[in-house]
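The values are calculated or read from the model by the stated rules, or taken from the named source; none is laboratory data. The structure displayed is predicted, hence computed values, not measured ones. For neighbour counting, all protein chains shown are included, and Cβ atoms are generated from backbone atoms with ideal geometry for every residue, glycine included.
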Amino acid sequence: MPTIRVATFNVHHCEGLDGRVDVERTARVIERTRADLVALQELDRGMERSGEIDQPAELERLTGLSVTFHATLQRGGGEYGIAIAARGGGPFGFKRLPQVADEEPRGYHVGPFRDVTFLGAHLSLRPPARARQTSAVIAGLRAFGGPFVLLGDLNQSSWALRRASGGAFRVPSFPRRTMARRWAQRDHIVAGRGARVVTRDVIATTASDHYALVADVASP
């Protein structure tokens with residue numbers, strides 16, 4: 001059974017724990033994952049706070065991965081959003097997720113990669129919105145036949161995600177904390193419908209307030 005190495009990394013607009021924005025440092029973490037597909041959250045493009053850099057384009061140049069970026073928020077002449085970085089594959093479409101009030105807009109990428117459907121998401125911090133968004137993501141997965149992988153910053157614990165899934169997939173815990181400043185796991189890589197997570201690891205880094213999660217996924 002072939003395996004695909006995947007990762008998810010909330011890059012915090014490439015700002016590290018030292019308060020310094022450093023796209024090259026972020027790129028080195030992505031390279032350390034040795035993943036063929038990486039879901040990325042909190043990327044800036046043209047934002048003043050990060051030096052008006054096109055971070056998706058720079059990460060594509062530095063890592064050699066093809067980066068598909070979509071903005072979830074536009075502010076001050078720049079954009080902020082999520083991306084999929086991959087060695088081929090796709091195309092990766094983008095879907096917006098429901099909002100409950102005036103919380104930050106959210107969305108997810110979805111597309112094929114080596115005969116597996118990948119969905120990379122970043123869900124809300126606010127519980128009412130997150131609950132609706134989790135339901136929308138699970139409904140999106142059900143719309144596709146065949147094996148799938150869901151990965152990203154889902155802003156909920158393994159227990160909460162397991163309950164919300166209603167048995168649609170297993171939710172593996174990772175061997176150590178996944179955030180630099182918190183012990184709780186908020187980032188996830190899950191698989192289902194014939195795909196399964198066979199190894200998992202966490203790459204600790206000071207390049208963001210999140211660590212990078214890595215998994216090998218076996219596909220039929």
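Per-structure values
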| quantity | calculated |
| --- | --- |
| Residues that are more than 16 Å from Pro98 (Cβ to Cβ) and either among the small types (Gly, Ala, Ser) or outside any helix (DSSP H, G or I) (or both), drawn from region 130-153 | Phe144, Gly145, Gly146, Pro147, Phe148, Val149, Leu150, Leu151, Gly152, Asp153 |
| Residue within region 103-121 that is surrounded by fewer than 18 Cβ atoms within 10 Å (Cβ to Cβ) and in contact (Cβ under 8 Å) with a residue 60 or more places away in the chain present | yes |
| Pairs with Cβ under 7 Å, 6+ apart, first in region 11-26 and acidic (Asp, Glu), second in a helix (DSSP H, G or I) | Asp22/Cys14; Glu24/Leu62 |
| Residue selected from region 27-61 under the condition in contact (Cβ under 8 Å) with a residue 60 or more places away in the chain and among the polar types (S, T, N, Q), by the criterion surrounded by the most Cβ atoms within 10 Å (Cβ to Cβ) | Gln41 |
| Any hit, region 5-25, residues being part of a loop (DSSP other than H, G, I, E, B), closer than 20 Å to Ala191 by Cβ and within 18 Å of the chain's Cα centre (by Cα) | no |
| Answer residue from region 62-102, given it is buried (at least 18 other Cβ atoms within 10 Å of the Cβ) and among the polar types (S, T, N, Q) and is farthest from the chain's Cα centre (by Cα) among those | Thr63 |
| Residue match in region 79-92 (condition: free of Cβ contacts under 8 Å to residues at least 40 places away in the same chain and under 17 Å from Leu123 (Cα atoms)) | yes |
| Long-range neighbours under 8 Å by Cβ, at least six apart or interchain, first residue farther than 11 Å from Tyr108 by Cβ and free of Cβ contacts under 8 Å to residues at least 60 places away in the same chain within region 123-144, second buried (at least 18 other Cβ atoms within 10 Å of the Cβ) and among the basic types (Lys, Arg) | Ser124/Arg106; Ser124/Arg130; Ala129/Arg106 |
| Boolean, Gln156 is under 21 Å from Glu42 (Cα atoms), in contact with a Cys (Cβ under 8 Å, 6 or more places away or on another chain) and crowded, with 19+ Cβ neighbours inside 10 Å | no |
| Evaluation of Ala168 against (1) modelled with pLDDT under 95; (2) under 26 Å from Glu15 (Cα atoms) (one fails), failing number | (2) |
| Residues satisfying the stated conditions in region 154-191, i.e. of a type in the set (S, T, N, Q), on the phi < 0 side of the Ramachandran plot and in a loop (DSSP other than H, G, I, E, B) | Gln156, Ser157, Ser173, Thr178, Gln185 |
| Near pairs, Cβ below 6 angstrom, 6+ apart or cross-chain, from region 172-195 (within 12 Å of Gln156 (Cα to Cα) and among the basic types (Lys, Arg)) to any residue that is modelled with pLDDT of 80 or more and in a loop (DSSP other than H, G, I, E, B) | Arg186/Asn155 |
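Residues are listed down the side, and each one gets a yes or a no for (1) part of a strand (DSSP E or B); (2) under 22 Å from Ala195 (Cβ atoms):
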residue	(1), (2)
Ala71	yes, no
Gln74	yes, no
Ile82	yes, yes
Lys95	yes, yes
Pro98	no, no
Pro105	no, no
Val110	yes, yes
Gly120	yes, yes
Pro128	no, no
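Residue-by-condition table, conditions (1) closer than 23 Å to Val6 by Cα; (2) in contact with a His (Cβ under 6 Å, 6 or more places away or on another chain); (3) among the hydrophobic types (A, V, I, L, M, F, W, C):
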site	(1), (2), (3)
Arg25	yes, no, no
Arg28	yes, no, no
Arg32	yes, no, no
Gly46	no, no, no
Gly51	no, no, no
Thr63	yes, no, no
Val67	yes, no, yes
Gln74	no, no, no
